[in-house]
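Please read the structure below before turning to the comments.
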Amino acid sequence: MHNPTFRVISVLNLISTAKSGLSLAECSRSLHIPSGTLYPILQTLYMQKYLNYDEHSYRYTVGSRLFFAGINYVSNSQPYENAQKVLRRIVNACGETAHWGVLEAGDVLYFAKADSPETVRMYSAVGKTMPAYATALGKALLSRFSLEELNALYPQGLEAVTESTVTNIAKLYEQLQCVKKDGFAYEWEESNKHICCIAVPVLIEGNVVSALSVAVPVFRYTEEKKECIKNCLIRAAEEAVKIMPYLNLSGN
C-alpha cells in the first residue's frame with residue numbers, strides 16, 4: 001500500500017460522509033494523522049477543487065471535482081445502471097422507495113436508491129450514512145456479527161436517533177438472531193418518524209456484502225404490502241448477487 005495515496009483517499013472518504021463537513025482538527029483525530037501532515041493534503045485538495053473550505057467555520061466539505069466524478073460514474077457505469085434497474089423493479093412492483101447499501105464502519109452507506117412515485121415517502125440521499133443499528137438495512141448488514149463484534153463496533157454504545165431506536169447492544173443482538181433465522185430485518189420508526197422498513201442481506205459465499213431495503217410510511221403499511229415487499233426483496237437479492245462483484249463495493 002502506498003501510504004501518501006492512502007492518506008488522500010482516507011481524507012476524501014471521511015469528508016464525503018460528513019454531513020456538515022470537518023475541521024482540520026476533527027480530520028486529524030478521526031484519521032489519526034498529525035495536523036502538520038494533514039494540512040497540506042487538505043489544502044491541495046481544496047486548491048484542486050476536490051474539497052471546499054469555509055473560512056468562517058474552518059470546515060472542509062465535498063468540492064465540485066468530486067461531484068462531477070460522481071456524476072460521471074452514475075452516467076457511464078453499466079454495473080450502477082444495473083443496480084438501479086433492480087431497485088426500480090422493486091418500486092414498480094410495490095410502489096415504495098427502495099435502497100441499496102453497504103456497511104461503512106458502524107454506519108449504513110446508501111449507494112443507490114429508487115424513489116416511490118407517491119407524494120408521501122421516505123426522503124433519503126445517495127452517499128449519506130445512518131447508524132446501522134437504527135435501520136432495517138443496517139440490521140441486515142450486521143446480521144452475521146457476534147455480540148463481541150458489536151461491542152467492538154460500538155464501543156461508546158448505541159445513541160438513539162428517535163425514541164424508538166434500539167439502544168441496548170444485547171437487545172440489538174437478539175434482533176440480529178431473528179434476521180439470521182428469518183432472512184428479513186425490520187425497523188419501525190427507529191431512524192425516521194412515521195417510516196417503517198424491511199430489508200434483506202445480500203449474501204455471497206455466506207458473507208453479507210450489502211443489503212436491500214424498502215421504506216414505507218406507517219399509514220400505508222399493510223400485511224398485503226409486507227408480503228409484496230418481502231417477495232420483491234427475495235428476487236432482488238438474487239439479482240444483486242450477480243451485480244455486486246462488478247460494483248467494486250464491499251461490506252465491512
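The values are calculated or read from the model by the stated rules, or taken from the named source; none is laboratory data. Since the structure is predicted, the reported quantities are computational estimates derived from the model, not experimental observations. Cβ placement follows ideal geometry from the backbone for every residue including glycine, while neighbour counts extend to all protein chains displayed. We work out accessible area using only protein heavy atoms, side chains counted, and drop any ligands, DNA or RNA first. Shrake-Rupley method; radii C 1.70, N 1.55, O 1.52, S 1.80 Å.
The table that follows gives values for the structure above.
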read-out: Index of the failed condition, Ile41 passing every other in (1) modelled with pLDDT under 90; (2) closer than 19 Å to Thr61 by Cβ; value: (1)
read-out: Residue within the range 240-252 that is on the phi < 0 side of the Ramachandran plot, part of a helix (DSSP H, G or I), surrounded by 22 or more Cβ atoms within 10 Å (Cβ to Cβ) and in contact with a strand residue (DSSP E or B) (Cβ under 8 Å, 6 or more places away or on another chain) present; value: yes
read-out: Complete set of residues in the range 143-162 that are without any contact (Cβ under 8 Å) to a residue 40 or more places away in the chain and either surrounded by 12 or more Cβ atoms within 10 Å (Cβ to Cβ) or in contact with an Asp or Glu (Cβ under 8 Å, 6 or more places away or on another chain) (or both); value: Phe145, Leu147, Glu149, Leu150, Asn151, Leu158, Ala160, Val161, Thr162
read-out: Thr61, sole failed condition from (1) modelled with pLDDT under 90; (2) polar (S, T, N, Q); (3) within 18 Å of Ala125 (Cβ to Cβ); value: (1)
read-out: Lone unmet requirement of (1) under 22 Å from Gly183 (Cβ atoms); (2) open to solvent by less than 10 Å² (accessible area, probe 1.4 Å); (3) touching a Gly at 6+ places or on another chain (Cβ under 9 Å) for Lys139; value: (3)
read-out: Condition check for Leu233: buried (at least 21 other Cβ atoms within 10 Å of the Cβ), in a helix (DSSP H, G or I) and either of a type in the set (Phe, Trp, Tyr) or touching a residue at least 60 places away in the same chain (Cβ under 8 Å) (or both); value: yes
read-out: Looking only at the range 11-37, and only at residues there that are of a type in the set (Ser, Thr, Tyr) and either open to solvent by 50 Å² or more (accessible area, probe 1.4 Å) or at pLDDT 90 or above (or both), the one that is nearest to Phe68 (Cα to Cα); value: Ser16
read-out: Test: Ala132 is at negative phi, modelled with pLDDT of 85 or more and either in contact with a Leu (Cβ under 9 Å, 6 or more places away or on another chain) or open to solvent by 20 Å² or more (accessible area, probe 1.4 Å) (or both); value: yes
read-out: Selection within the range 192-216 - hydroxyl-bearing (Ser, Thr, Tyr) and either at pLDDT below 95 or surrounded by fewer than 24 Cβ atoms within 10 Å (Cβ to Cβ) (or both); value: Ser210
read-out: Odd one out for Phe219, checked against (1) over 22 Å from Asp107 (Cβ atoms); (2) modelled with pLDDT of 95 or more; value: (2)
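To keep it simple, each residue is scored yes or no on (1) in contact with a Pro (Cβ under 7 Å, 6 or more places away or on another chain); (2) on the phi > 0 side of the Ramachandran plot; (3) among the polar types (S, T, N, Q).
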| site | (1), (2), (3) |
| --- | --- |
| Gly21 | no, yes, no |
| Ala25 | no, no, no |
| Ser28 | yes, no, yes |
| Ser35 | no, no, yes |
| Leu38 | no, no, no |
| Leu42 | no, no, no |
| Tyr46 | no, no, no |
